[in-house]
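Only one structure is covered here, and it is reproduced in the block below.
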Amino acid sequence: MKKIHNPWLKLREGICQEDYALINKLQDQCVRDNQTSLKLELDYKLSIYSKVDSVEIHQINEFMYFNENELIGYIGICQFGGPDTPLEVNGMVHPEYRQQGVFKTLSKHVMTEWRRRSPINLLLLSDRKSEAGQAFIQGTGAIYHHSEHEMYLRKNQSEISDNLETITLRKATNTDAREINRQNAIYFGDNRGEEETSDPQEELIFPEEEEKSGMITYLAQIDQQIIGKVHTHLSQGIGGIYGLGVLPEYRGKGYGKAILLKAIDKLKEANAGDIMLQVAVDNANALRLYQSCGFLETSTMDYYELK
């Protein structure tokens, strides 16, 4: 164990390229030593905040603990889907600096920031195999919420679907924002898609803006008729597939598999070296679909909620 000689904290609303490099290096060290996974969303955060030069901090999302010039601890806050969605928190400490209060110090600042943002709920994330992470969360009194498998596509996997020729993926534009919101409400229980708002643009996610951060939304169509959607993301050679869904009236016909395979082709065309996705552990239908297309479970992330 290395001793901490000159500790100091760095708090930021978002990360810059320098922060990204330091956090990513620490993440590689922790994953390699612990053989567990982290969900830090660094690429997404970098694309969102790297161009922000303002020193004014509205919300603290990045909590970094240094020993002199070495980053030895990090906790990050993510929030997806709008201002009322829960905050997601995941973090790590360098293996050679543990049991010296680093994570405890960072977590106190995170909790202070969360209370400042209340009444938003907080989700604490931990790899199921991380004994330290699971023990810390149990000590907070958080209640188990759900779990997700991370899955990677086997190399040289080739699948055929009868519906590949009939389905096309059209890149979504900002005019499709309401349709995307409507589908999210159907697939993921997001009631905001069913509510009327005073501002017609309120809380909509615009695909052309998301594309600037690397997330591309495709609407799946048959003869110009929309039947579902899927999102892809490519960063550091790793392709991700998210938010795949088929509208209820088109289910049971193999279209989900066809959309998935089309999304895989899009990422391969973009030179993705690996392709991954995440699926809720209790979503048996989706899990079977992904397994049938060659995806294998590599880790399980547990989510615990503080209200």
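The values are calculated or read from the model by the stated rules, or taken from the named source; none is laboratory data. A quick note: this is a predicted structure, and the numbers were derived from the prediction, not measured. When we count neighbours, we look across all protein chains shown, and the Cβ atoms used for this are built from the backbone with ideal geometry, even at glycine.
The rows are residues; the columns are (1) closer than 18 Å to residue 305 by Cα; (2) surrounded by 15 or more Cβ atoms within 10 Å (Cβ to Cβ).
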site	(1), (2)
5	no, no
27	no, yes
38	yes, yes
63	no, yes
68	no, no
89	yes, yes
106	no, yes
115	yes, no
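What's the total number of residues in the range 250-286 that are farther than 25 Å from residue 222 by Cβ, touching a His at 6+ places or on another chain (Cβ under 8 Å) and not small (Gly, Ala, Ser)? Looking only at that region, the number is 3. On the stretch given as the range 70-86, residues that are of a type outside the set (Asp, Glu) and at pLDDT 95 or above total 7.
Among the residues of the range 290-307, those that are touching a Phe, Trp or Tyr at 6+ places or on another chain (Cβ under 9 Å) and surrounded by 14 or more Cβ atoms within 10 Å (Cβ to Cβ) comprise 295, 297, 302, 303, 304, 305, 306.
Being surrounded by fewer than 19 Cβ atoms within 10 Å (Cβ to Cβ), free of Cβ contacts under 8 Å to residues at least 40 places away in the same chain and under 18 Å from residue 141 (Cβ atoms) is not true of residue 85.
The set of residues from the range 102-126 being part of a loop (DSSP other than H, G, I, E, B) and either touching a residue at least 12 places away in the same chain (Cβ under 8 Å) or in the same structural domain as residue 215 (by TED's automatic domain parsing) (or both) comprises 120, 121. With a requirement of 3 or more residues that are in contact with a Leu (Cβ under 8 Å, 6 or more places away or on another chain) and either assigned by TED's automatic domain parsing to the domain that holds residue 119 or on the phi < 0 side of the Ramachandran plot (or both), the strands (runs of 3 or more DSSP E) lying completely within the range 1-101 that satisfy it span 62-67, 70-78, 87-93. When the criteria are applied in full, residue 139 fails the requirement of being within 18 Å of the chain's Cα centre (by Cα) and either at pLDDT 95 or above or not aliphatic (A, V, I, L, M) (or both).
Applying the condition of being of a type in the set (Ser, Thr, Tyr) and over 12 Å from residue 183 (Cβ atoms) to the range 224-260 and asking which residue is modelled with the lowest pLDDT yields 235.
Scanning the range 46-64 for residues that are modelled with pLDDT of 75 or more and either β-branched (Val, Ile, Thr) or touching a strand residue (DSSP E or B) at 6+ places or on another chain (Cβ under 7 Å) (or both) turns up 60, 61, 62, 63, 64. Scan the range 241-264 for residues that are over 12 Å from residue 227 (Cβ atoms), β-branched (Val, Ile, Thr) and either over 20 Å from the mean Cα position of the chain (by Cα) or outside the structural domain of residue 219 (by TED's automatic domain parsing) (or both) and jot them down. None - no residue of the range 241-264 is over 12 Å from residue 227 (Cβ atoms), β-branched (Val, Ile, Thr) and either over 20 Å from the mean Cα position of the chain (by Cα) or outside the structural domain of residue 219 (by TED's automatic domain parsing) (or both), so the list stays empty.
Of the residues that sit in the range 138-158 and are closer than 19 Å to residue 307 by Cα and touching an Asp or Glu at 6+ places or on another chain (Cβ under 8 Å), which one is surrounded by the most Cβ atoms within 10 Å (Cβ to Cβ)? Per the stated criteria, the residue is 142.
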